[in-house]
Amino acid sequence: MENQSVLHVKNLSKKFGNFEAVKDVSFTVNKGDVFGFLGPNGAGKSTTIRCLLSLIKPNSGKIELFGKSLATDRAEILQNIGSIIEKPDFYKYLSAQKNLEIFARISGATVTQREIAEMLDFVGLGNRAKDRVKGFSHGMKQRLGIAQTLLHKPDLIVLDEPTTGLDPQGIIEIRNLILRLKAEQNKTILLSSHQLSEIELIANRMVIINQGCSIVEGNVQELLNNEETVVRVEIDSSDKAIELIKSNLQISTVDRISATIFEVVMVKSRAPELSKLLVESGLQIQAIEPKRKLEDYFIKIIQS
């Protein structure tokens, strides 16, 4: 059975005057995905998301949601999307419950008091339902924002950098909440982030964008293949070390970076063999640093 596409973006572009914020972004989110939308700050993530939510109009490209074109079926599509862009805003002097009641009326959703109570329980705020939002921490406001996205029972939830500014405990709470949205409520989630580690922990599929273009898309575990590793070695003679590795370990993918530095693409479990060979050769090793291929690639993107 083929995966059912919830969101399909093809060749999206958006200019602001002469500045091209999004040049060529394409990706597909399937039903049930926690889909990581990964890229360094300034890559074009927020602009793309604003296009998806019809907050701004792209210059070119195609956006389809639930099998329909955003250009022609905007109103119907948006009824089935919940989103948090940057940080959610609330009426600070009203309670969490009252805020959700107001936002339900604004959205036109028919939501009972019991359903609002269940939503607050789901995001861990059931015991703070009657408290004013003014006294909530940043993490609590983010969780209340997620409750707000559930009011009209959307199938797709879009979260733009939801853990920004949170302490470690707050990050864990949001992460667990996203996983529960998928597991318990069968939601499809598009999660924007500039942190590879965050996407790795909760997403099953992802796309990396940089400078307004999509670079790579696929299954997170395949892209972050834990077995295939890039090992960077700093040693007194990279030429001699490379010759040893090729003749003794039968590893062909060895790149000489400089007279003293080289990189080996190898299965992670063979790293001890490499270390043993180099030590027994009598060469002076300054450093051995393993990195996953995508992690190394992503770091290079951020630093470029």
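The values are calculated or read from the model by the stated rules, or taken from the named source; none is laboratory data. For clarity, every value in this text was computed on a predicted model and none was experimentally measured. Heads up, the Cβs are rebuilt from the backbone with ideal geometry, glycines too, and the neighbour counts pull from every protein chain shown.
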Within 27 Å of residue 119 (Cβ to Cβ) and free of Cβ contacts under 8 Å to residues at least 40 places away in the same chain - does that describe any residue in segment 200-209? yes
I'm trying to understand the selection: among the residues of segment 146-168, which are closer than 22 Å to residue 76 by Cα and part of a helix (DSSP H, G or I)? 146, 147, 148, 149
Restricting to segment 272-289, name every residue that is outside any loop (DSSP other than H, G, I, E, B), surrounded by 15 or more Cβ atoms within 10 Å (Cβ to Cβ) and modelled with pLDDT under 85. 288
Residue 48 versus (1) assigned to a helix (DSSP H, G or I); (2) at pLDDT below 95: which is the lone unmet condition? (2)
Within segment 71-78, can one find any residue that is in contact (Cβ under 8 Å) with a residue 12 or more places away in the chain, closer than 27 Å to residue 7 by Cα and in contact with a strand residue (DSSP E or B) (Cβ under 7 Å, 6 or more places away or on another chain)? yes
State which residue is modelled with the highest pLDDT when the search covers only segment 251-271 and only residues that are in a strand (DSSP E or B) and among the aliphatic types (A, V, I, L, M). 261
